[in-house]
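The values are calculated or read from the model by the stated rules, or taken from the named source; none is laboratory data. Predicted model only: the values in this text are computed from it and were never measured. Reconstructed Cβ throughout: ideal geometry from the backbone, glycine too, with neighbour counts over all protein chains shown.
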């Protein structure tokens, strides 16, 4: 499926950037990072306009995040019930919940690009929490700008090595998310261990 999607990038370019980032921000399994890398590479070869690629990816991501926030705000019970049926997603939700509680607005920023596997779930959870929409929108727009600049920029700079770059970035993002969750869990356990038991 990934190869089919990548084959569509030259044909549908900017529209595909928008749709891919929008859907991925709603926790749908779309290889948006790889599509952005490919868009950057096509911009380097002159087949697509770099500004249009980046803008479409950024707007798609912003609208996807806003939709996720709105779903969390108005449909928390339904989303929680749906996610609970899938153990892997439920585990990601718990990780995202701990992450968003710990980091707040800066956590929204970091979940856009540094620990991006948690991003869609942070959208839902922050929407269901008491974070104000303006605060979410500010941190979200900054984080998505970083994500898009990173992936489209790397695709542009390393146009001839997209596959290797995608593998490295995918593994790094997953490792960072797992490491962060491990640190948060360890810190929580250590804190509870030090509290006196009654």
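For residue 80, indicate whether it is surrounded by fewer than 24 Cβ atoms within 10 Å (Cβ to Cβ), at pLDDT below 85 and assigned to a helix (DSSP H, G or I). Can you show your working first?
Values: surrounded by fewer than 24 Cβ atoms within 10 Å (Cβ to Cβ): yes; at pLDDT below 85: yes; assigned to a helix (DSSP H, G or I): yes.
So residue 80 passes the test.
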- request: Could you please find all residues in the range 42-56 being in a helix (DSSP H, G or I) and surrounded by fewer than 24 Cβ atoms within 10 Å (Cβ to Cβ)?
  value: 42, 43, 44, 50, 51, 52, 54, 55
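Quick one: would you say residue 121 is surrounded by 15 or more Cβ atoms within 10 Å (Cβ to Cβ) and modelled with pLDDT of 90 or more? Write out each step before concluding.
Numbers: surrounded by 15 or more Cβ atoms within 10 Å (Cβ to Cβ): yes; modelled with pLDDT of 90 or more: no.
The answer is no for residue 121.
Can residue 172 be described as at pLDDT below 95, part of a helix (DSSP H, G or I) and either surrounded by 15 or more Cβ atoms within 10 Å (Cβ to Cβ) or touching a helix residue (DSSP H, G or I) at 6+ places or on another chain (Cβ under 6 Å) (or both)? Working first, answer last.
Working: at pLDDT below 95: yes; part of a helix (DSSP H, G or I): yes; either surrounded by 15 or more Cβ atoms within 10 Å (Cβ to Cβ) or touching a helix residue (DSSP H, G or I) at 6+ places or on another chain (Cβ under 6 Å) (or both): no.
For residue 172, the condition - at pLDDT below 95, part of a helix (DSSP H, G or I) and either surrounded by 15 or more Cβ atoms within 10 Å (Cβ to Cβ) or touching a helix residue (DSSP H, G or I) at 6+ places or on another chain (Cβ under 6 Å) (or both) - is not met.
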message: When you scan the range 98-113, do you find a residue that is surrounded by fewer than 24 Cβ atoms within 10 Å (Cβ to Cβ) and assigned to a loop (DSSP other than H, G, I, E, B), even just one?
response: no
